[in-house]
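In what follows, a single structure is set out as structure tokens and then discussed.
The values are calculated or read from the model by the stated rules, or taken from the named source; none is laboratory data. Predicted model, so just to flag it, every value in this text is computed and none were measured. Counting neighbours? That spans all protein chains shown, and the Cβs are built from the backbone with ideal geometry, glycine included. In case anyone asks, the SASA skips ligands and DNA or RNA and just uses the protein heavy atoms, side chains included. Shrake-Rupley method; radii C 1.70, N 1.55, O 1.52, S 1.80 Å.
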Amino acid sequence: MVHRGDQVSKRGTTDLTDLTKGCLGAFVRSGTLDLSLDQLASDVGISKRMLVHYFGGREAIEEQAMTLLENRLRAQFAPENFPSGVGVQTVINALWDRTTNPDSKGVLLLVMDLSRRAWNGSPRATSFYQEQQRLWVELLLRYVPDKNTVEDVLQSFQGAVLAYLITGNPEPGRRMLNRLCTRFETRWKSRK
């Protein structure tokens, strides 16, 4: 059987895309890529042997799952999904609400796991992290007048996310981000 992402046979037809979605779902539910193949196969509802057969190995499973996660995040945080003509505070609050939604916790933990892997030298995880940074910068530049301020907002946002993951309380992060945005907006208005 050729496994090029189209369809493979298992009691009828099993779509590799569906298996990738199932694997990503398992990784998100656990908040890590560090599931054993046995755990992953059980969660997806397929044998470990068939999982390896379809993907060709663990690295390919992780690669496909990361690519799918990148595509989903790119679609969710695309600049065109946010209104034009609003202030940065409105956008930051919308981003914060999406990020701290209880349904997003597994994705946040998985992204943190990928960040840990990037820290440990994984080229693929580093690429994932850099692409996410680029997308956020692209989005924020539509609402913030300069790249240095965008970097400040992004670093502050990431710190607030880490505190949220530790405490489970999104409100301190929201308050800090709102104060930061108010300061920036006041500074921009005074320059005009």
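In order along segment 41-52, the phi-based Karplus estimate (6.51 cos²θ - 1.76 cosθ + 1.60, θ = phi - 60°) of 3J(HN,Hα) comes to 4, 4, 5, 7, x, 9, 6, 4, 4, 6, 4, 5 Hz; Gly and Pro are listed as x. If I take all pairs of Cα atoms in segment 1-143, what percentage of them are more than 22 Å from each other? Here the long-distance tail beyond 22 Å is 46 percent of all Cα pairs in segment 1-143. Per-residue packing, averaged as other Cβ atoms within 10 Å, sorts the ranges 78-89, 125-136 into the order 125-136, 78-89, beginning with the highest. Shape summary: segment 54-104 maps onto an equivalent ellipsoid whose semi-axes, from the alpha-carbon gyration tensor, are 32, 12, 6 Å in decreasing order. Computed over every Cα-Cα pair of segment 102-180 and binned at 10 Å starting from 0, the pair-distance distribution P(r) comes out as 17, 43, 36, 4 percent. Axis of helix 147-167 versus longest Cα principal axis of the chain: the two differ by about 60°, to the nearest ten degrees. Rounded to the nearest 500, the helix-only mean residue ellipticity at 222 nm of the chain stands at -23500 deg cm²/dmol, with each DSSP H run of n ≥ 4 adding -39,500 (n - 2.57). Taken as Cα centroids, segment 135-156 and segment 47-98 sit 19 Å apart, rounded to the nearest whole angstrom.
Computed over neighbours whose Cβ is under 11 Å from that of GLY87, the net charge equals 0, Lys and Arg +1, Asp and Glu -1.
For the chain, the longest principal axis of the Cα atoms and the long axis of helix 105-119 meet at an angle of about 90 degrees. The portion of the accessible surface of the chain made up by carbon and sulfur, rounded to a whole percent, is 51 (1.4 Å probe; DNA, RNA and ligands excluded). Rolling a 1.4 angstrom probe over the protein heavy atoms with all chains in place gives the chain an accessible area of 55 Å² per residue.
Taking amide hydrogens as placed 1.01 Å from N in the peptide plane, the amide H of PHE82 sits under 5 Å from that of no residue at least 5 positions away in sequence or on another chain.
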